[in-house]
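Notes follow the structure.
Each reported figure results from applying straightforward, stated rules to the coordinates on display, with no laboratory input. Quick caveat, the model's predicted, so the values are computed rather than measured. Note that each Cβ is placed from the backbone with ideal geometry, even for glycine, and that neighbours are counted across all protein chains shown.
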Amino acid sequence: EPEVTQTPSHQVTQMGQEVILRCVPISNHLYFYWYRQILGQKVEFLVSFYNNEISEKSEIFDDQFSVERPDGSNFTLKIRSTKLEDSAMYFCASSEFVEEQYFGPGTRLTVT
Amino acid sequence: AQSVTQLGSHVSVSEGALVLLRCNYSSSVPPYLFWYVQYPNQGLQLLLKYTSAATLVKGINGFEAEFKKSETSFHLTKPSAHMSDAAEYFCAVSDRWSGGSNYKLTFGKGTLLTVNP
């Protein structure tokens with residue numbers, strides 16, 4: 001069964017460093033999303049992406065964040081200058097139809 | 001703005017007992033509704049979804065949920081709990097009328113289900 005994959009599973013970085021989280025959505029899907037889950041809190045929407053552009057972003061998704069679909073298969077989330085409060089589990093999701101999103105296993109980002 | 005309320009951050013049941021996890025939503029129009037399950041150190045797996053067909057929705061692993069518009073609820077049930085059901089369960093809503101290209105999910109805070117032998 002096709003699945004969304006994410007790499008790395010765990011990323012440790014120092015405050016101020018840039019990180020790139022990678023996702024490979026399911027191949028025929030058209031809608032892509034990033035969510036995050038701070039430890040002990042609910043899953044929060046960050047950004048949605050369709051037709052090679054951002055369709056919506058949350059207030060969390062400030063200028064430090066960017067997304068890209070560089071090669072038609074990967075979908076990346078870049079954080080330019082990480083802060084301690086960026087420590088969270090980041091989930092990528094994709095969907096073919098608007099009403100069903102498939103989630104990847106997540107990347108745990110730890111900022112020290 | 002949409003919101004989701006899950007009553008009870010932690011529910012504990014005995015193996016074989018009924019599971020009832022509560023979810024209420026706030027939306028100006030009937031939305032799409034979902035239940036996701038998250039096992040320890042894993043991602044989110046879709047259990048079931050409501051997209052305006054039958055109000056009683058059956059999902060995987062014996063779970064089902066009933067959409068009640070009058071109560072703005074979408075509670076998740078399972079007649080008989082199994083040890084393997086122990087996990088965190090998230091209710092989520094998306095706006096079916098947003099049109100265009102965005103159907104972001106708004107999640108509740110989650111309910112941790114513990115199943116006792």
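Taking every residue in B:103-112 and counting other chain Cβ atoms within 10 Å of its Cβ, the average works out to 6. Label positions at B:ALA53 and A:SER81, each projected 7 Å from the Cα along the C-beta direction, are separated by 5.0 nm.
Of interest is the spacing of the C-alpha centroids, which for the range A:1-80 and the range B:1-37 amounts to 26 Å.
So which GluC sites (Glu not before Pro) in the range B:1-87 are both in a DSSP loop and have at most 15 other Cβ atoms within 10 Å of their Cβ? Don't skip to the end; give the middle numbers.
Values: sites: B:GLU15, B:GLU64, B:GLU66, B:GLU71; in loops: B:GLU15.
Within the range B:1-87, the qualifying GluC sites (Glu not before Pro) (loop, at most 15 other Cβ atoms within 10 Å) are B:GLU15.
If you average the sequence gap of Cα pairs under 8 Å that are 6 or more apart and divide by the length of the range A:9-76, what percent do you get for the contact order? It would help to have the intermediate numbers written out before the result.
On the way: 75 pairs, mean separation 19.8, N = 68.
Taking the mean separation of contacting Cα pairs over the length of the range A:9-76, I get 29 percent.
Please give the net charge around B:THR55, taking every other residue with its beta carbon less than 14 angstrom from that of B:THR55, where Lys and Arg add +1 and Asp and Glu add -1.
On the way: positive: B:LYS49, B:LYS58, B:LYS68, B:LYS69; negative: B:GLU64, B:GLU66, B:GLU71.
Residues near B:THR55 contribute +1 overall.
Sequence gap at least 6, Cα distance under 8 Å: using those rules, report the relative contact order of chain B to the nearest whole percent. Working shown, then result.
Details: 291 pairs, mean separation 43.5, N = 117.
With pairs under 8 Å counted, the relative contact order is 37 percent.
Using the Kirkwood formula over every pair of different C-alpha atoms, what hydrodynamic radius in Å results for the protein assembly as shown?
Details: mean 1/r = 0.0551 Å⁻¹.
Final number for the Kirkwood radius of the protein assembly as shown is 18.1 Å.
For A:SER9 and B:LYS109, a Förster radius of 25 Å and the Cβ-Cβ distance give a FRET efficiency of 0.55, rounded to the nearest 0.05. Taking Cα centre as origin and charging only the Cβ of basic (Lys, Arg, +1) and acidic (Asp, Glu, -1) residues, the dipole magnitude of chain A rounds to 400 debye. A dipole drawn for the protein assembly as shown from +1 and -1 charges on Cβ atoms has a positive end, and of A:PHE103, A:LEU39, A:GLN11 the residue lying farthest that way is A:LEU39. The value given for chain B is a Kirkwood hydrodynamic radius of 14.3 Å, derived from the mean inverse Cα-Cα separation.
How large is the Kirkwood hydrodynamic radius of chain A, counting all unique pairs of alpha carbons, in Å? The answer is 13.9 Å.
When the Cα positions of B:GLN42, B:ALA87, B:ALA53 are compared along the charge dipole of the range B:16-112, B:ALA53 comes out farthest toward the positive end, with charges on each C-beta of Lys, Arg, Asp and Glu. The share of alpha-carbon pairs in the range A:60-112 lying farther apart than 12 Å comes to 73%. Computed about the Cα centre, the dipole magnitude for the range B:1-86 is approximately 200 debye when only Lys and Arg (+1) and Asp and Glu (-1) carry charge, each at its Cβ.
Stretching A:LEU39 away from A:GLU96 to a fully extended chain increases their span by 17.6 nm, per 0.36 nm per residue minus the current alpha-carbon distance. Straightening the chain between B:SER84 and B:HIS10 buys 25.0 nm, computed as 0.36 nm per residue apart minus the Cα-Cα spacing.
Going by average Cβ neighbours within 10 Å, how do the peptides A:59-71, A:85-97 rank, with the highest at the top? Each step should come with its number before you reach the end.
Numbers: A:59-71: 13.2, A:85-97: 20.4.
Highest to lowest by the protection proxy: A:85-97, A:59-71.
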